[in-house]
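The values are calculated or read from the model by the stated rules, or taken from the named source; none is laboratory data. Keep in mind the model is a prediction, meaning the values are calculated, not measured. Backbone-built Cβ (ideal geometry, glycine too); neighbour counts: all protein chains shown. Areas reflect the complete protein model, heavy atoms only, side chains present, ligands, DNA and RNA absent. Shrake-Rupley method; radii C 1.70, N 1.55, O 1.52, S 1.80 Å.
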Amino acid sequence: QKSFNPLRKINQEIFSYAANKQQEIDELKRMATYRREFLADVSHELKTPIFAAQGFVYTLIDGAVKDKKVRGKFLKKAAKSLDGLEMLVNDLLTLSHIEAGEITMHFEEIDLLALVEDVFDQFEGKTDKKNMSLQLDKSYEGPINVIADYQRIYQVIVNLISNAIKYSDENTEIVVGFEINQKEVTIAIQDHGAGISPEHIKRIFERFYRIDKSRSKERGGTGLGLAIVKHIIEAHGSSVSVTSTVGKGSLFSFKLPVEKEPEPYVPIADEEG
Ligand code: ADP
């Protein structure tokens, strides 16, 4: 049997105070590292398309411009790099505005089914190259009303469908489905593509995290799509779930409220600035 020791309690308190402080210090260190790495990442990501475009343009200036065939090819490649650069800057701006809490969500009642149909229109023709099909699960008739920001959710679904296309093989199918109950609607985007292993699933929502850097860039990715998705869905008081099997495919889903307006977005302290 233990004897009562008044010092033990004091010791415990000191210990837990010190542990708390250590945690705060660790958190500050982690943030400092994160910011440093983010800046380094951004600079690196910006350099890649700039260097590529420069390379083509200077080769043209150095004489390649005289060859009509080469000229067309190099100009197209330079333009593609600049398009990539524009995409990257746009995504970076969106992300930093959202993280700084500068984007206000405009919550209103919207028809999620109509929204998805609008997104499908945008992708018309884009799935042909890989002979893929984009399907809408028709178990529910519209409208499927939710309280959400139309433009932001539109962007989320565009990002998720773009990924589903990018990371799937030819001749596969992407299905967008819904599950409705009184309080909320779940929307799910399912592909039969590359799949993601559990250790990567934990990290794919981080900025610039890519499972296969070269493949992602080659497919026109900025590495920011899912980070943007995560923030927008969190601003809707919800979160994104992923279930995936390597080699079989992935399912990304999230819930939106039917009646109650989501809690306004308050940026988390460690993500400010
Ligand atoms: P990216 O611009 O590289 O596509 P994202 O933030 O959209 O950036 O995605 C991060 C990474 O997660 C991708 O590089 C890819 O490796 C992986 N990923 C995203 N969606 C899928 C998917 N549907 N199937 C397989 N891998 C995916």
Of all residues in region 15-47 being farther than 17 Å from residue 89 by Cβ and polar (S, T, N, Q), the one that is most open to solvent (accessible area, probe 1.4 Å): 23
Selection from region 238-259 of residues that are part of a strand (DSSP E or B), over 17 Å from residue 183 (Cα atoms) and out of contact with any helix residue (DSSP H, G or I) (no Cβ under 7 Å at 6 or more places or on another chain): 241, 243, 245, 249, 250, 251
Those residues of region 48-89 which are closer than 30 Å to residue 152 by Cβ, free of Cβ contacts under 8 Å to residues at least 60 places away in the same chain and open to solvent by 80 Å² or more (accessible area, probe 1.4 Å), in sequence order: 80, 82, 83, 86
From 140, 154, residue being at pLDDT 95 or above, more than 10 Å from the ligand (Cβ to nearest atom) and open to solvent by 20 Å² or more (accessible area, probe 1.4 Å): 154
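Conditions tested, residue by residue: (1) modelled with pLDDT under 95; (2) within 11 Å of the ligand (Cβ to nearest atom).
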{"position": "161", "(1), (2)": "no, yes"}
{"position": "164", "(1), (2)": "no, yes"}
{"position": "175", "(1), (2)": "no, no"}
{"position": "208", "(1), (2)": "yes, yes"}
{"position": "215", "(1), (2)": "yes, yes"}
{"position": "223", "(1), (2)": "yes, yes"}
{"position": "229", "(1), (2)": "no, yes"}
{"position": "259", "(1), (2)": "yes, no"}
Filter result for residue 194 (assigned to a loop (DSSP other than H, G, I, E, B), buried (at least 17 other Cβ atoms within 10 Å of the Cβ), within 16 Å of the ligand (Cβ to nearest atom) and not β-branched (Val, Ile, Thr)): yes
